[in-house]
Every structure is written in structure tokens, then in C-alpha cells.
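What follows is a short report on a single structure.
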Amino acid sequence: MLSRLKHLTVFFKDPDKKPLYKILIEVIHFAYLKKTLPTDYFRKFLYRKDIKNYMDYLSMKEYHSILESPKLVYPDVSHLLSNKISFKLIAAKYNLKTQNLLGYNIKTSFFYDNKQHTAENNEQLVRLLKKQFETLGKNKIFFKPVSGIGGFGCFVIEKNTLESQIKIYGEAVLSQAYIYEAYI
């Protein structure tokens, strides 16, 4: 719960907020209808001007109620929803709006630009990510663990500090699975 409050500091610094009166109305509405504290309103950036459909987003309470529901006809479906790679691929197939998937890795196998690449150590990972930064035309890439929730284990890799960041995150990337999204 306390980790969700950190999103308030981002909220206060964000210049792209809706008017405060509108945020207050939406927060109350969100909390009332979702029957939960409105931390997800802030965590999912629903206060931003470009978000018109804030009630279409699931709260963490709703998310867990779906995944843990005894009414699931096919319990394996919950695995598809909790795995970020399979969720992104399913969402894309059905034209569901999500953040664009730039690529993903499963340990030392990296998938982007409709190709499979391999990096087995930090040096190869730096070369691979430099190439990916150039291909994508991005300066920052957001990494998310495939099976994590609530922002745990996420980090940003920046083009300008790539080598020093790979010293920190390289072992985790090469031994786990991550998806990559554009940094917002």
C-alpha cells in the first residue's frame, strides 16, 4: 500500500494533469464505484489530460478478483493474463489499447523487430541494446519483469548511460524475462 503512495510524488510534478476539480470528481467517482482507495487512479496516470475513459481501467482489486475467481471456466486463462508477453500479444490481436511492446527477452534470447537475437553477457547486451536504441529511435526504454505486478522490478535504461546501467541491471536481464516499452 505504501509503495502505491509514491505515485503521488509523480502526480504533483506532472505538468500534464487535468484540472484539479476534475481530478477530485474522478477520484471520488473511481473510489466509490471500484470500492477501493483510488491509488490506482494515480498509479495508472488516469489524471492525465489525454485519459478520457478512466473507468475502463481495472483497479488492483478488480484485477486480482478476476485472476483468483473460482468462476474462471479455464483457470489457465489467468496465467495468460498475468504473463505480460502473452497479455501484450493477445491485446494486440484483439486491438486492445496498451502501451506498445518494443520487445522482450527470455533470459539470453531477445525478441524485437520480428527477429530473435542473443546476448550471453553484459558486453553483448550493451551492443544489442545500442542497436535497439538506434532501430527504435528512442533514448529511454522501460523494462518490466514478465511476471511482476505493481511496478516491482521495473527500471529504465537510458541510451546515454547504457554501459553503467547494464553493470547494475545486466545480470537480472540475462537471467530473467522482461518486456520493453517506450518510456513515457
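Taken together, the values in this text are just the output of simple stated rules run on the coordinates, not laboratory data. Here the structure is a predicted model, which means the values were calculated and not measured. Ideal geometry is used to build each Cβ from the backbone, glycine not excepted, and the neighbour counts take in all protein chains shown.
Each other residue within a Cβ distance under 10 Å of ILE179 adds +1 if Lys or Arg and -1 if Asp or Glu, for a net charge of +2. Its relative contact order, with pairs defined as Cα atoms under 8 Å and 6+ residues apart, puts region 60-179 at 27 percent. List the longest stretch of the chain that has no exposed loop site; here a site is one of the GluC sites (Glu not before Pro) assigned by DSSP to anything other than H, G, I, E or B, with at most 11 other Cβ within 10 Å. After excluding every exposed loop site, the longest remaining stretch is 1-67. Among the listed pairs LYS18/LYS159; LYS84/LYS138; LYS44/LYS140; LYS52/LYS97, those whose Cα-Cα separation exceeds 23 Å are LYS18/LYS159. Annotation for region 80-123: chymotrypsin sites (Phe, Trp or Tyr not before Pro) lying in DSSP loop with at most 14 further Cβ atoms inside 10 Å of their Cβ are TYR94.
Output needed: percent of Cα pairs per 5 Å distance bin for region 134-184, bins running from 0 to the one holding the longest distance. That works out to 5, 20, 30, 27, 15, 3, in percent per bin. What the phi angles of region 10-22 give under the Karplus curve with 6.51, -1.76 and 1.60, with θ = phi - 60°, is a coupling list of 5, 4, 5, 8, 6, x, 9, 7, 5, x, 4, 4, 5 Hz, glycine and proline written as x. Here the average projected area of the convex hull drawn through the C-alpha atoms of region 16-65 stands at 3.1 nm². Note on region 45-138: Rg/Rh from C-alpha atoms, Kirkwood Rh, equals 1.06. Computed over the chain, the range of Cα coordinates on each principal axis works out to 51, 44, 31 Å, biggest value leading. Loop-located trypsin sites (Lys or Arg not before Pro) in region 30-137 (DSSP state not H, G, I, E or B) with no more than 16 neighbouring Cβ atoms inside 10 Å: LYS35, LYS44, LYS49, LYS52, LYS71, LYS97, LYS107.
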